[in-house]
Amino acid sequence: MSRTIGAVLRVAVLAALVAFLAAPARFAPLFAPLAPPGAPAIYDQGDLASLAAAHLAIVCCAALASTVVAVGLALFVTRGAGVQFLPLSRALVNFGQTFPPVAVLAIAVPLVGFGEKPTLIALFAYGLLPIFENTLAGIRACPPALLEAASGMGMNGRQRLLGVELPLAMPLILEGVQLSLAVNVGTATIGSTVAAKGLGEVIIAGLLSNNDAFILQGGLATGLMAVLLHEAVALLRRRIR
Amino acid sequence: MISIEGLSKRYGDLTVVDDVSFEVESRTIAVVVGTSGSGKSTLLRMINRLVEPSAGRVLIDGQDVAAEPPHLLRRRIGYAIQGHGLFPHRTVAQNIATVPRLLGWPEQRIGARVAELLELLQLDPGAFAGKYPHQLSGGQQQRVGVARALAGDPKVLLMDEPFGALDPIIRAKAQDELLAIQRRLGITVVLVTHDMDEAFKLGARVAVMSQGRLLQFDRPATLLTRPEDPFVARMTGISDRALKLLSLTSARDAAVADDGPGLGDAPQVAATASLREVLSELVWRGATRATVVDERGQACGSLAIADILAHGRAR
């Protein structure tokens, strides 16, 4: 029962977001009361749908990079010679999380210029920690008896990793990816301060022109996208269980 | 044949297995028994090189196990452990198919082998192949564990407390099944347990270990009648050693052919029952003589209480 309600809710949220992005003008009456007199109610300096697409793309690219690096690092420090690198890896990943993304942007812009690149770097660093820690936890949670059974039957290290450890750790790894994605959808809005295309542009335009309607539509679209991405990965997690 | 020659394992100053040597005849079950910390599991794991020995060697049919890469060696040796170690994310069929897959068998042969093993362990392939381990009872999981260990058609099967997690009734059944399977497949089994009764029931030979050393490797009856070490006598149990001795002989082997007058109302006992069970039955019924009947219900001799007692006497 509660599952059906959840499914209906997810579809409704998706439909609302798609409808708004496809034809935002239709929603003008909703936002008009918030706009200053004479100002447009709907963001008119760019196409909302393409901004959302760019926003999604940058978040997904960063998450993909974070996943590859964080999972790779976690696997490296859980076997053989890599174990001694665990404290160092953990410090690095923690640093990525504690260092504010805005500060990363400030440092990255002089190095790689304005645009998508500094944003990607900031999101990548910010998203490492949950994936790394969850992968570590998932790998460590594999019962020793299972690993011994795997070795005892003649699996080599690679076969054990791909056949036993990774599949068993997968639900936890995906949980890390889920967290990282959802957090970065919000964080990506600051990319617009360094001229990366994204929904942050709408919010900043609203702040500059004192237009609450812009701020609300940018924020709403970002929030719904975060919820939907979170749910998409949750769906995937249930599939593999 | 498995030859264990001067096998030792040391971790720093700690000697876990200390110069152990014995030979397991082909197509028999050898049981290694000892208290926890006696080194029995470490000994077993040196046979398939999950633990590398500090000294000594293991030969299987004359071939040193150190001669080939460990993962290839292990695919030829069945391995079943306590708590079965089934992969929770794989179905019963996939679990059993593990070693055949590693060996690169064609898909059709793997499917046939999985079905064959499920039948052998009395699990209906239709009902069980697609189930996940958590959907099975403890006894069923244990059987799947044994099926998985046998899947690659190994000549040697290593078992580390395979029945440790089972309740007594299911355990006895699992032991009977193992004996039947071992006879049917003609495999060589080395089994580790802390349970002396299990060792006596399964082992053609039993190795008693304590503190890393092998105290005695003998037939169960010899361990009872001629223990070489006080610890062996303690392990086998002194207070009921006569009854234990009786439990090692089957009614069939002890039955006396008798063509005299019919025994009429003498209680009937199965040929597969142990003398201990026959004695218990006679005491219970207040009888002095039992008729032994085989699987087809045919009388194949009789057993008088005095015959039974003779089997339990110190030799």
Calculate the dipole size of the protein assembly as shown relative to its Cα centre from +1 charges on Lys and Arg beta carbons and -1 charges on Asp and Glu beta carbons; express the result in debye to the nearest 20. 380 debye
Span from the segment A:166-241 Cα centroid across to the segment A:43-98 one, whole angstrom: 14 Å
Compute the projected area of the convex hull of the Cα atoms of chain B, averaged over all viewing directions, and report it in nm² to one decimal place. 18.9 nm²
Once phi is turned into θ = phi - 60°, what whole-Hz ³J(HN,Hα) does the Karplus curve with 6.51, -1.76 and 1.60 give for every residue of segment B:123-138, x standing for Gly and Pro? 10, 5, x, x, 7, 9, 3, x, 7, 9, x, 5, 8, 9, 6, x
Averaged across B:78-90, how many Cβ atoms of other chains sit within 10 Å of each residue's Cβ atom? 5
Report, in debye and to the nearest 20, how large the dipole of chain B comes out about its Cα centre when Lys and Arg carry +1 and Asp and Glu carry -1 on their Cβ. 560 debye
Taking the C-alpha atoms of segment B:192-315, convex hull volume expressed per residue in Å³: 110 Å³
Would you mind ranking B:Trp284, B:Trp105 by Cβ crowding within 10 Å, fewest neighbours first? B:Trp284, B:Trp105
Chain A: angle of helix A:212-240 to the longest principal axis, Cα-based, in degrees nearest 10: 30 degrees
Compute a Gaussian network model of chain B, connecting alpha carbons closer than 10 Å, and tell me which residue from B:Ala254, B:Ala199, B:Ala127 fluctuates the most. B:Ala127
For the protein assembly as shown: Kirkwood Rh in Å [reciprocal of mean 1/r, alpha carbons]: 29.0 Å
Once you have a ≥ b ≥ c as the square roots of the Cα gyration tensor eigenvalues for segment A:1-61, tell me rounded if a/c is under 1.5, and otherwise prolate or oblate according to whether a/b is larger than b/c. oblate
Semi-axis lengths (Å, descending) of the ellipsoid that matches the C-alpha gyration tensor of segment A:47-240: 37, 19, 11
Would you be so kind as to identify which of A:Leu179, A:Ala39, A:Ala125 lies farthest towards the positive end of the dipole of the protein assembly as shown, taking Lys and Arg as +1 and Asp and Glu as -1 on Cβ and the Cα centre as origin? A:Ala39
The helix A:116-140 Cα axis meets the longest alpha-carbon principal axis of chain A at an angle in degrees, between 0 and 90 and rounded to 10, of 40 degrees
Phi-based couplings in Hz for segment A:8-19 (Karplus 6.51, -1.76, 1.60; Gly and Pro marked x): 4, 4, 4, 5, 4, 4, 4, 4, 4, 5, 4, 4
Ranking B:His84, A:His55 by Cβ neighbours within 10 Å, fewest first, what do you get? B:His84, A:His55
How do the peptides A:175-183, A:189-197 rank, highest first, by the average count of neighbouring beta carbon atoms within 10 Å per residue? A:175-183, A:189-197
At a 10 Å Cβ-Cβ cut-off, how would you order B:Tyr11, B:Tyr79, fewest neighbours first? B:Tyr11, B:Tyr79
So which trypsin sites (Lys or Arg not before Pro) in segment B:243-303 are both in a DSSP loop and have at most 16 other Cβ atoms within 10 Å of their Cβ? B:Arg296
For A:Asn156, distant residues with modelled amide H under 5 Å away: none
Most fluctuating residue given options B:Thr15, B:Thr35, B:Thr288, as computed from a GNM of chain B linking Cα atoms under 10 Å: B:Thr288
Please give the net charge around B:Pro267, taking every other residue with its beta carbon less than 14 angstrom from that of B:Pro267, where Lys and Arg add +1 and Asp and Glu add -1. -1
Per residue of chain A, what 222 nm ellipticity follows from adding -39500 (n - 2.57) for every DSSP H run with n ≥ 4, rounded to the nearest 500? -24500 deg cm²/dmol
Residue-ordered couplings for segment A:24-29, obtained by feeding phi - 60° into the Karplus form 6.51 cos²θ - 1.76 cosθ + 1.60 and rounding to whole Hz (Gly and Pro as x), are x, 4, 5, 8, 3, x
Of B:Lys131/B:Lys155; B:Lys40/B:Lys244; B:Lys9/B:Lys173; B:Lys9/B:Lys131; B:Lys173/B:Lys244, which sit over 31 Å apart, Cα to Cα? B:Lys9/B:Lys173; B:Lys9/B:Lys131
Under-5 Å amide H pairs with B:Ile29, H placed in peptide plane, nonlocal only: B:Val189, B:Ala204, B:Arg205
Given H placed 1.01 Å from N in the peptide plane, which residues other than close sequence neighbours of B:Ser54 have an amide H under 5 Å from its amide H? B:Ser8, B:Lys9, B:Arg10
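Bear in mind that the values in this text are calculations on the coordinates, not laboratory data. Keep in mind it's a predicted model, so treat the numbers as computed, not measured. Positions of Cβ are backbone-derived with ideal geometry, glycine not excepted, and every protein chain shown enters the neighbour counts.
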